[in-house]
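Structure first, commentary second.
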Amino acid sequence: MTVNTPLCFRGKKILAPMVRVGTLPMRLLALDYGADIVYCEELIDIKMMQCKRVINGKYKVLETVDFVAPNERVVFRTCERERHCVVFQMGSADAERALAVAKLVESDVAGIDINMGCPKEYSTKASMGAALLSDPDKIESILTTLVKGICKPVTCKIRILPSVEDTVNLVKRIEKTGIAAIAVHGRKKEERPQHPVHCDVIKAISEAVSIPVIANGGSHDFIKEYTDIETFRKATAASSVMIARAAMWNPSIFRKEGLLPLKEVMQDYIKYAVRYDNHYTNTKYCLCQMLREQLETTQGKKLHAAQSTQEICEVFEMADFYEETTAIFEAKKTSLETETQDEDDQIEDPDVIKMAVRFDKREYPPQITPKMYLLEWCRKEKHPQPVYETVQRPLDRLFCSVVTVAEQKYRSSLWDKSKKLAEQAAAIVCLRTLGVPEGKLCEGENHLINKRKREDRERLNNRDHGEDPAEPSHKKANFTEETSDMNVPKM
């Protein structure tokens, strides 16, 4: 397929993919300081395939595109600012899985990269990373499938093999797959940062192929300031340079004007971390990488002890910034929620009875819920059992449930974070409208608990007399409640 993007890999200064470092705040900061292309941290194909693409982030406040795991964790977050210069790096050992993930993120990134250089055991044990270097057929299959299957440019990042000849032959085979560029970390898979980078091998590769070669691995031996980037490029005859650790320590390495003081860099980083709701543990990790030998200072120790984004801001004298930004977010969230509520009201069925209620399980005895009380009431009054219809709002992925009892519909006007909570809230609205007890602790004697105790005593008596006890009605109620869960449609 034809590549329809202006992304070019010649003459570029690139932020390398780094696990836990290459998240959105670091990528945006690198772009601010002069990086041309930024790679995200390696993300595993299997995890990405479980993600849902959510537009506009939390309540539209962040204005991001998020790829969210089933446990609600954001696996990959991006934004419009970087869409034309961010490359999504993937860990994969399967061509079809790689293609599925590439298609999932293709519209939100500038390119797709396959990691073929990570020497860590968690990667190689799964036949990913550097393990792919010993399986050229699989490399060819993955890259060819991606090049043919998506419109964005495909790249890969490798380490060098034991011999120059073998490395050059592998790269020539990779070039034939049609990839747009290849990044070469100039070390063997068993070598570590303290080992010298093999500029001669990268140079041999650069001279052997026509596609752009991106030199990587120069932080220890070459790159201490901006002018060193070109020195490393010339030593390797590469088209571009990819920077990892030097950028992790101080991302202003990309500034033509020279390095900025570390305090200023860290404050700039924190601003992006707060602006894009970066998880505080990731923010703290990246800041610790920047502090390095200063971790034992008073500031370093305070950073290490921080347990929230707010506490991190306090360490770096940015408490006012945190409060101001948080206030702006809350105001925007409230405004959007009001707009959404107005929209809900406009399309609302006027025959639905509504109340602004939520279910708080702390207000109820263990294993007692409003849904159970409503079910018991319907049985007592000879009504069909309650029917719940639940929808999920794409804006913020919250849920709302409508319960139908005796041909009347009830719902809470508040949206909940789970289907089960929304159904319980709907049951509460119904019970309160009917003037029926809902089982709260404050209601005094709980007839459903007493009923359970009586049934338990009867079951024990039957067991003592050798009889086969009938299943208690409360267990039937539990079963009915659990099996009422169905697929949730989106609004």
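Residues Thr236, Thr326, ordered by accessible area of protein heavy atoms at a 1.4 angstrom probe radius and largest first, appear as Thr326, Thr236. Where both partners of a DSSP beta bridge lie in region 12-260, what percent of those bridges are antiparallel, to the nearest 5? The answer is about 20 percent antiparallel.
If you look at the Cα atoms of region 203-262, you get an Rg and a Dmax of 12.1, 41 Å. Applying the criteria of a DSSP loop state and at most 12 other Cβ atoms within 10 Å to the GluC sites (Glu not before Pro) of region 106-195 yields Glu190.
Stokes-Einstein diffusion coefficient for region 263-346 at 25 °C in a medium of 0.890 mPa s, Rh from the Kirkwood formula over Cα pairs: what value in µm²/s? My calculation gives 175 µm²/s for D. Temperature 10 °C, viscosity 1.306 mPa s: under these conditions the Stokes-Einstein estimate for region 347-434, based on its Kirkwood radius over C-alpha pairs, is 122 µm² per second. In whole angstrom, the chain maps to an equivalent ellipsoid with semi-axes of 55, 27, 22, each derived as √(5λ) from the alpha carbon gyration tensor and ordered largest first. Each residue was assigned an accessible area with a 1.4 Å probe, and for Phe329 the value is about 40 Å². Toward the positive end of the charge dipole of the chain, with +1 on the Cβ of Lys and Arg and -1 on the Cβ of Asp and Glu, the farthest Cα among Ile182, Pro153, Pro365 is that of Ile182.
Backbone phi angles across region 25-38, fed through the Karplus curve with coefficients 6.51, -1.76 and 1.60 (θ = phi - 60°), yield HN-Hα couplings of x, 5, 5, 5, 5, 4, 5, 4, 7, x, 4, 8, 9, 10 Hz in residue order; Gly and Pro are listed as x. Each Lys and Arg adds +1 at its Cβ and each Asp and Glu adds -1 at its Cβ; summed about the Cα centre, the chain shows a dipole of about 920 debye.
The mean sequence distance of close C-alpha pairs (under 8 Å, at least 6 residues apart), as a share of the length of region 12-260, puts its relative contact order at 17 percent.
For region 235-250, backbone phi angles converted through the Karplus equation (6.51, -1.76, 1.60; θ = phi - 60°) give residue-by-residue couplings of 5, 9, 6, 7, 7, 9, 10, 10, 10, 10, 4, 4, 6, 5, 6, 7 Hz, Gly and Pro being listed as x.
Accessible area of Cys79 (1.4 Å probe, protein heavy atoms only, ligands and nucleic acids ignored): about 10 Å². Considering only Cα atoms, the convex hull volume of region 146-204 works out to 84 Å³ per residue.
Normalised by 2.2 N^0.38 Å, where N is the number of residues, the C-alpha radius of gyration of region 27-164 stands at 1.07. Toward the positive end of the charge dipole of the chain, with +1 on the Cβ of Lys and Arg and -1 on the Cβ of Asp and Glu, the farthest Cα among Cys378, Ser418, Gln50 is that of Gln50. On the protein heavy atoms, probe 1.4 angstrom, tell me the percent of accessible surface of the chain carried by carbon and sulfur. C and S atoms contribute 51 percent here. The angle separating the long axis of helix 136-149 from the principal Cα axis of greatest extent in the chain is about 70 degrees. Of all DSSP beta bridges in the chain, what percent run antiparallel (nearest 5)? Counting DSSP beta bridges with both partners in the chain, the antiparallel share is about 40 percent. The angle between the Cα long axis of helix 447-464 and the longest principal axis of the Cα atoms of the chain comes to about 80 degrees, rounded to the nearest 10.
Counting charges near Gly11 (Lys, Arg +1; Asp, Glu -1) among other residues having Cβ under 15 Å from its Cβ returns a value of +4. Would you mind checking the tilt of helix 419-434 against the longest principal axis of the Cα atoms of the chain, expressed as 0 to 90 degrees and rounded to 10? For helix 419-434, the angle is close to 30 degrees. Only bridges with both residues in region 347-434 count here: give the DSSP antiparallel percent, nearest 5. In region 347-434, DSSP labels about 80 percent of beta bridges as antiparallel.
Give the dimensionless ratio obtained when the Cα radius of gyration of region 12-260 is divided by 2.2 N^0.38 Å.
0.96
Residues of the chain: accessible area per residue at 1.4 Å, in Å²? Please list the in-between numbers first.
Working: 23690 Å² over 491 residues.
I get 48 Å² per residue for this part.
The values are calculated or read from the model by the stated rules, or taken from the named source; none is laboratory data. From a predicted model like this one, the values you see are computed outputs, not experimental measurements. For neighbour counting, all protein chains shown are included, and Cβ atoms are generated from backbone atoms with ideal geometry for every residue, glycine included. With ligands, DNA and RNA removed, areas are computed over all heavy atoms of the protein, side chains included. Shrake-Rupley method; radii C 1.70, N 1.55, O 1.52, S 1.80 Å.
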